[in-house]
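Throughout, read-outs are computed from the coordinates displayed, never taken from laboratory work. Just so you know, these numbers come straight off a predicted model, no measurement behind them. Note that each Cβ is placed from the backbone with ideal geometry, even for glycine, and that neighbours are counted across all protein chains shown.
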């Protein structure tokens, strides 16, 4: 998921001039009636996309992640750039989102339906701006998708008992809609690949964050080098000094020689610098 989100072309969202936001779609208190299985949630998302295109005359573009509340109800996070201008109905996006999602879910109980219209959606611009570039965006979603046995968010990844029955599974937990990948593949010989891997690993080691910032992102895919202080006794003076010891951590490994990647915001610029570094490396490599 992290690698896929980092390879996407976000130009359609950036060029729109809109402010990104984290949009959340939730379900009523009696959610089992309208979402008895994972397929129901996916069907609701299809209906919501169709209504979005009719309202704003453009396809919805977003990345999404499925999670669960403590009560077991599913909810979906969408990172997108909400429309600024009103749609065909003349309503603002917040009002349209609330009313449309309530209609799509369509709870048969009028009281549940009324409550859902008030509290069934949320638009968080602050969290949307936190993920203001591809690297931060990929790490942000990775942080929320990786189980943390010592944290307080693990319940969001526990599938409710109703969905554990045969044929009622949740299906995919994340996905992309309306955005395409922007990647370029170049074949190189093995010695060039190994040199490139070494350079990227050292670059990633230099970019690593430690302390509180590292603990907040325990699952970040940017490779790091753990630093610890080791006591050393001077044999002449007997003075105890501390030296910095490093323990290597490898790149995100997909196995064998074909794996490994690092997250950057400007892929073409990074590839250009990497190519220059490889040229220098080959020029000064002893024969």
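Some notes on this structure:
- Sequence of 109, 234 once ranked by neighbouring C-beta atoms within 10 Å, starting from the fewest: 234, 109
- Residue exposure sequence - 188, 41 - by fewest surrounding Cβ within 10 Å: 188, 41
- P(r) weight above 14 Å for the range 44-97, C-alpha pairs, percent: 59 percent
- 135, 42 arranged by Cβ crowding within 10 Å, fewest neighbours leading: 42, 135
- Placing dummy labels 7 Å off each Cα toward the beta-carbon, the span from residue 4 to residue 69 is 2.6 nm.
- Space enclosed by the convex hull of the alpha-carbon atoms of the range 1-70, per residue, Å³: 130 Å³
- Theoretical FRET efficiency, 1/(1+(r/R0)^6), r = Cβ-Cβ of residue 266 and residue 234, R0 51 Å, to 0.05: 0.65
- A viscosity of 1.567 mPa s and a temperature of 4 °C, combined with the Kirkwood radius over Cα pairs in Stokes-Einstein, give a translational diffusion coefficient for the range 12-118 of 89 µm²/s.
- Taking label positions 7 Å along the Cα-Cβ direction at both residue 94 and residue 205, the computed distance is 5.0 nm, reported to one decimal.
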